[in-house]
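Inspection log for the structure reproduced underneath, given as structure tokens.
The values are calculated or read from the model by the stated rules, or taken from the named source; none is laboratory data. Just so it is clear, the model here is predicted, and its values are computed rather than measured. Ideal geometry is used to build each Cβ from the backbone, glycine not excepted, and the neighbour counts take in all protein chains shown. Areas reflect the complete protein model, heavy atoms only, side chains present, ligands, DNA and RNA absent. Shrake-Rupley method; radii C 1.70, N 1.55, O 1.52, S 1.80 Å.
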Amino acid sequence: MKTKFYIVSGMSGAGKSQALKIFEDFGFVCVDNMPLQMTVDFIDICLKNPEKYKNVAMSVDSRAGKSINSFTGILEILKKKKIDYRIIFFNADKNVLIKRYSETRRKHPLGKSVAEGIELERKIINKVFGIADEVVDTSNMTIGELKDTISRFTGTAAKKEYMNISLISFGYKYGIPYDADIVFDVRFITNPNYVHGLKFKTGRDKAVKDYIKKQKEFASFFNIFSKLIEKTLPGYIKEGKSYLTIAIGCTGGRHRSVFTAEELAAFLKKKKYKVNVNHRDILKGK
């Protein structure tokens, strides 16, 4: 099995860190800012564990300092060990880089001023820039476009298997999950909590499931709800989103929200999405 080895380099603020996150979303083992003198040992580890390290992305940038001079020697070792590698250099206009640093209020790692740091960095990293297989200018690029670009280079499509969906059932009486991207309220469903024999059960129990399924309102709602989620997910993927949290709430978070989350998880898994379910409040109020 051949190892795919990508070397990610470029200017600070041009998108290297975001690119590594995208590589990671695509299933690559990513290494950021590893000392170049350790690279040979890392290459050997990759060769000894081809299943685990079949897709690797490693960053090399100005943080390497003077050791950047050994970069071409590292490439020769990769060639001798018959590892196919590609160098992707991320670049951006100077004014764009200055603006990004201004927005994040970070100082440039190499200079007293951002402008000074950018000029010095270009001189240091020029050796990598000159031999890069691909140069990506991110000056006017969105995250979604960056993801599409990396997808094209690696031959790894930004498909649904790279969207991680987290479903959270919760009780409104305990507060809405702070990390939710989408929140749905299912308190319109008749509450099993007030039905004899169901109060101390949960939305995972058959009796509660049967009670909710019998309600015409639920069947109609879930048909629309599931199709709405299915319809919007490709748009999130296209825009570069890899993680989506959907919170479903009822009063106490034990019956209606739990059942709905379980039903939605089953629906999305059939559509080949990665789904994780967390019933946050299922044990509260017992």
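Restricting the calculation to Cα atoms, segment 88-246 shows an Rg/Rh of 1.20 when the hydrodynamic-style radius is the Kirkwood one.
Based on alpha-carbon centroids, what's the gap between segment 170-192 and segment 71-90 in Å, whole number please? Here the two parts' Cα centres lie 51 Å apart.
Asp93 sits among other residues whose Cβ lies under 10 Å from its own Cβ, and their net charge, with Lys and Arg +1 and Asp and Glu -1, is +1. Here segment 54-94 is treated as a sphere whose radius is the Kirkwood value from Cα pairs; by Stokes-Einstein at 10 °C and 1.306 mPa s it diffuses with a coefficient of 132 µm²/s. Straight-line reach from Lys271: taking Cα to Cα under 17 Å and skipping same-chain neighbours fewer than 8 places apart, the aspartates and glutamates in range are Glu161, Glu230, Glu262, Glu263. Convex hull volume per residue, computed on the Cα atoms of segment 207-286, equals 99 Å³. Once you have a ≥ b ≥ c as the square roots of the Cα gyration tensor eigenvalues for segment 9-96, tell me rounded if a/c is under 1.5, and otherwise prolate or oblate according to whether a/b is larger than b/c. Oblate, because a/c is 1.5 or more while a/b does not exceed b/c.
Net charge near Val40, counting Lys/Arg +1 and Asp/Glu -1 over other residues with Cβ under 12 Å of its Cβ? Net of charged neighbours comes to -1. Of the solvent-accessible surface of the chain, computed with a 1.4 Å probe over protein heavy atoms with every protein chain present, carbon and sulfur atoms account for 51 percent. Computed about its Cα centre, the charge dipole of the chain is approximately 980 debye, with only Lys, Arg, Asp and Glu carrying charge at their Cβ. For the cross-link pairs Lys54/Lys82; Lys94/Lys238; Lys206/Lys269, the ones whose C-alpha atoms lie over 24 Å apart are Lys94/Lys238.
For segment 161-229, the extents of the C-alpha atoms along the principal axes are 42, 28, 21 Å, listed from largest to smallest. Rolling a 1.4 Å probe over the heavy atoms of the protein chains gives segment 195-286 an accessible area of 56 Å² per residue. Placing unit charges on the Cβ atoms only, positive for Lys and Arg and negative for Asp and Glu, gives segment 98-167 a dipole magnitude near 300 debye about its Cα centre. What whole-number distance in Å separates the alpha-carbon centres of segment 227-286 and segment 117-154? Taking the Cα centre of segment 117-154 as reference, the centre of segment 227-286 is 36 Å away. Size descriptors for the chain, from the alpha-carbon set: Rg then Dmax equal 24.7, 76 Å. For Lys213, a cut-off of 19 angstrom between C-alpha atoms picks up these lysines, skipping any fewer than 8 places away in its own chain: Lys199, Lys201, Lys227. Remark: for residue pairs Lys48/Lys274; Lys99/Lys274; Lys52/Lys272; Lys48/Lys147; Lys81/Lys274, the C-alpha separation exceeds 25 Å in Lys48/Lys274; Lys99/Lys274; Lys48/Lys147; Lys81/Lys274. Classify segment 105-193: rounded, prolate or oblate, from the alpha-carbon gyration tensor (a ≥ b ≥ c, eigenvalue square roots; a/c under 1.5 rounded; otherwise prolate if a/b is larger than b/c)? Oblate, since a/c reaches 1.5 and b/c is not below a/b.
The sum of -39500 (n - 2.57) across all DSSP H runs of n ≥ 4, divided by the residue count of the chain, sets its helix-only mean residue ellipticity at 222 nm to -12500 deg cm²/dmol. How would you classify segment 49-150 from its alpha-carbon gyration tensor, with a ≥ b ≥ c the square roots of the eigenvalues: rounded for a/c under 1.5, else prolate if a/b is greater than b/c, otherwise oblate? In terms of gyration-tensor shape, oblate.
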